[in-house]
Amino acid sequence: MSSTYDQVAKIIAETCDIPLDSIKPESHAIDDLGIDSLDFLDIAFAIDKTFGIKLPLEKWTQEVNEGKATTDQYFVLGNLSARIDELVAAKQA
Amino acid sequence: MKLEYFQMIDRIAALDLDARTIAAEARIPEQSPVFEGHFPGYPLMPGVLLVEAMAQAAGWLTVALLRFEAMAFLAAIKAVKLRQFVTPGHDLAITARIEHVGSGFAVADAAIAVGGQPTCEATLTLRTLPFPTPALREHMAAAAARIGLAFPEPRHD
């Protein structure tokens, strides 16, 4: 079974037509991969469906806008994968 | 329908929040300034307005699922197929099913049939945002009443 990161990278590659080998755990979805908010909705849709969760994009955006979090925490792919694992674990708890 | 005012839905025929489906009806007017340009001497319902009709049906369903606390805005259109011409005076049977409600967005599959014949279809992504102005919410409440959809008073808790 592939890791959460592997699945996320595959989703991004297929959704945004980005070569898989250019996607790294340290890649920032917005700053490095150039994914805009509309494309990220497609990614969020695929992640939600794949993992059976609901990425809290509105909450994350609010936290970033209020200076309570950085975009790195949610949009660097390694961190995003960790957030997904947390959401999956919380759902199964 | 009042095409020039983007009033694309005449009536909500069915709304099932558990199944996440909606069925709406609309009659294309015999006369509209839209047909003066699309096309002179050969009036056709513009395909983009058929897409708008599907988006509004999906939008009403999304707004209802979110308990009328957010507005839905069309963000992306995929897999559009316009299968046949639609001319003035015809009745549209518009259906939509929400595939997924995410955080700040929803994805819907929508379709229109005319005379029982599949006419167009699309997959739509809608952004959902709190009503940006009280005036828009009031307008939506009035529109909901016009098409037969219950629109509750805003919560103040």
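How much length would be gained if the chain were fully extended between A:Asp72 and A:Val88, taking 0.36 nm per residue of separation minus their Cα-Cα distance, in nm to one decimal?
3.7 nm
Total accessible area buried between chains B and A, 1.4 Å probe, in Å² to the nearest 100?
By this definition, chains B and A bury close to 1100 Å².
Mind putting a number on the dipole of the stretch A:4-92 about its Cα centre? Charges go on the C-beta only, +1 for Lys and Arg and -1 for Asp and Glu, and I need it in Debye to the nearest 20.
400 debye
By its C-alpha gyration tensor, with a ≥ b ≥ c as the square roots of the eigenvalues, how is the stretch B:89-134 shaped: rounded for a/c under 1.5, else prolate for a/b larger than b/c, else oblate?
oblate
For the stretch B:3-147, what is the charge dipole size about the Cα centre, in debye to the nearest 20, if Lys and Arg each add +1 at the Cβ and Asp and Glu each add -1 at the Cβ?
My answer is approximately 260 debye.
Can you give me the Cα centroid spacing of the stretch B:104-136 and the stretch B:21-51 in angstrom?
Distance between centres, Cα-based: 17 Å.
Can you give the angle from 0 to 90° between the axis of helix B:134-147 and the longest principal axis of chain B, with both taken from C-alpha atoms, to the nearest 10?
The angle comes out at about 60 degrees.
Using a 1.4 Å probe on the heavy atoms of the protein chains only, list every residue of the stretch A:43-68 that has 40 Å² or more less accessible area in the complete assembly than in its chain alone.
A:Phe45, A:Lys49, A:Lys54, A:Glu58
Once the mean 1/r over all distinct Cα pairs of the stretch A:4-92 is inverted, what Kirkwood radius in angstroms do you read off?
For the stretch A:4-92, inverting the mean 1/r across all distinct Cα pairs yields 13.0 Å.
For all pairs of alpha-carbon atoms in the protein assembly as shown, what percent lies in each bin of width 10 Å, listed from the first bin to the last filled one?
Pair shares across the bins are 7, 27, 29, 22, 13, 3, 0.
Once you average over the residues of B:96-108, how many Cβ atoms of partner chains fall within 10 Å of each Cβ?
Mean shielding count: 5.
Please state, to two decimals, what the Cα-based radius of gyration of the stretch B:1-68 comes to when divided by 2.2 N^0.38 Å (N = residues).
My calculation over the Cα atoms of the stretch B:1-68 gives 1.27.
What is the percent carbon and sulfur in the accessible area of chain B, measuring with a 1.4 Å probe over the protein chains and ignoring ligands?
Summing carbon and sulfur atoms, their accessible area is 56 percent of the total for chain B.
Report the dimensions of chain B along its three principal axes from the alpha-carbon atoms, largest first, rounded to Å.
Largest first, chain B extends 56, 29, 25 Å along its Cα principal axes.
Going by accessible area, probe 1.4 Å, with all protein chains left in place, what is the ranking of B:Cys120, A:Cys16, largest first?
Sorted by accessible area, descending: A:Cys16, B:Cys120.
The values are calculated or read from the model by the stated rules, or taken from the named source; none is laboratory data. Given the structure is predicted, the values throughout are model-derived calculations rather than measurements. Every residue, glycine among them, receives a Cβ derived from its backbone with ideal geometry; neighbour counts consider all protein chains shown. Calculation scope for accessible area: heavy atoms of the full protein, side chains included, ligands and nucleic acids excluded. Shrake-Rupley method; radii C 1.70, N 1.55, O 1.52, S 1.80 Å.
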